[in-house]
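Notes for the one structure printed next.
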Amino acid sequence: MRTSSLLAAAVVLVIGTSAHAVQLVVMSVNSNTGVAGQKAFIIGVKIPKADLSAKGTGSLPTLFAQNIIFAGGVNGPRNVASFNRPDIQSLQSGVIDNAGEFPPNNGDFTSKQLAQIYQDSWWFNSSTSLLYGTNDAAFNSGTITSSNGGAIGPTAAVGITGYVFNRSGSAGIIPTNASDGQTMQYSGLFGPVGSNTLDGAVLGPLFNAAGSHGILTVPLAQIVATGNITLPDITDAGGGIGTFLAIGQNAYDLSGAPAGTNTPAFLDFENEVIAFGIVPEPGAFVLAAIGVLGLPLASRRHRSTKNG
């Protein structure tokens with residue numbers, strides 16, 4: 001293999017993303033949180049429509065997120081103890097519903113309320129899998145959708161149905177008592193819940209939205225960070241039931257590979273993506289970039305040597 005090919009492969013290992021189907025992705029990034037050096041990432045699960053009918057999926061497939069972990073450290077996730085809003089429902093009920101007008105805009109909130117919306121990390125979760133709150137100008141309550149309450153980022157992201165996740169398992173939402181840089185962990189089902197089971201007919205119709213192009217991306221979390229954050233697989237730490245994303249009966253790791261592949265993953269702060277591979281040491285991105293820039297020079301030098 002040529003030297004240039006080896007360099008290219010090394011770069012792909014560090015900053016590449018998977019070509020697989022169902023996977024964890026960055027949906028949007030807000031760099032204007034009010035804190036220098038900080039970004040708020042909306043993290044979602046990307047689902048191609050073909051995966052609803054993939055072999056082995058089963059009828060009426062559901063979306064299940066199991067043990068999704070953002071490892072705490074100096075880069076975040078940012079969790080502010082005085083806010084302690086673990087999910088979007090507590091944020092909607094405790095902050096957004098108290099706006100002075102409907103739909104609310106940023107001018108309706110105090111600086112502390114704005115900080116709770118944009119400077120804190122939380123999951124797109126409610127106890128019913130539907131986001132409830134003020135939904136019209138008369139301040140009546142009901143299901144929140146992007147069409148009736150979409151002036152603020154979190155409510156706009158839930159889409160026209162108002163569906164969010166509903167936690168699963170005894171661990172629930174971590175953290176429940178927040179501190180900056182505390183590990184966040186979550187397991188849950190997407191869509192409305194009845195009789196303790198998910199209504200699996202929910203996913204299919206969501207692909208009919210204009211401009212979907214056969215791809216549905218479901219918001220899972222807002223993660224506020226100041227640098228790279230690792231997403232470990234729980235099986236890497238001594239067994240257990242693992243970290244995976246499931247559509248019906250088919251399970252995938254965070255990159256979209258079959259569950260159990262344990263592809264390393266991290267939130268890439270600089271490139272604003274979920275990257276798959278080993279988290280680079282400080283300066284590794286710079287070295288990789290130098291390698292890429294050097295490829296054309298190396299190639300020309302190689303040809304010049306051959307022709308000389």
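The values are calculated or read from the model by the stated rules, or taken from the named source; none is laboratory data. Note that the structure is a prediction, hence the values are computed from the model and not measured. Every residue, glycine among them, receives a Cβ derived from its backbone with ideal geometry; neighbour counts consider all protein chains shown.
Quickly run through the range 92-116 and pick out the residues that are surrounded by 12 or more Cβ atoms within 10 Å (Cβ to Cβ), of a type in the set (Val, Ile, Thr) and out of contact with any strand residue (DSSP E or B) (no Cβ under 8 Å at 6 or more places or on another chain). Selection gives Val95 alone.
Of the listed requirements (1) of a type in the set (Gly, Ala, Ser); (2) more than 23 Å from Gln38 (Cα to Cα); (3) buried (at least 21 other Cβ atoms within 10 Å of the Cβ), Gly76 misses just one: (2). Selection of the range 1-56 for residues being basic (Lys, Arg), assigned by TED's automatic domain parsing to the domain that holds Gly204 and at pLDDT below 90 yields Lys49, Lys55.
Against the condition modelled with pLDDT under 85, exposed (fewer than 13 other Cβ atoms within 10 Å of the Cβ) and more than 27 Å from Asn75 (Cα to Cα), how does Gly169 come out, does it pass?
On the way: modelled with pLDDT under 85: yes; exposed (fewer than 13 other Cβ atoms within 10 Å of the Cβ): yes; more than 27 Å from Asn75 (Cα to Cα): yes.
Yes; evaluated as a whole, the condition is true for this residue.
Looking for whichever is surrounded by 20 or more Cβ atoms within 10 Å (Cβ to Cβ) and more than 18 Å from Gly44 (Cα to Cα) here; the options are Asn135, Asn177. Which one fits?
Details: Asn177 fails: surrounded by 20 or more Cβ atoms within 10 Å (Cβ to Cβ).
From the options Asn135, Asn177, the qualifying one is Asn135.
Scanning the range 78-94 for residues being under 23 Å from the mean Cα position of the chain (by Cα) and assigned to a loop (DSSP other than H, G, I, E, B) gives a total of 8.
Just one of Gly169, Gly149, Gly162 is over 17 Å from the mean Cα position of the chain (by Cα) and free of Cβ contacts under 8 Å to residues at least 24 places away in the same chain; which is it? Lay out the reasoning, then the answer.
On the way: Gly149 fails: free of Cβ contacts under 8 Å to residues at least 24 places away in the same chain; Gly162 fails: free of Cβ contacts under 8 Å to residues at least 24 places away in the same chain.
Residue meeting the stated conditions: Gly169.
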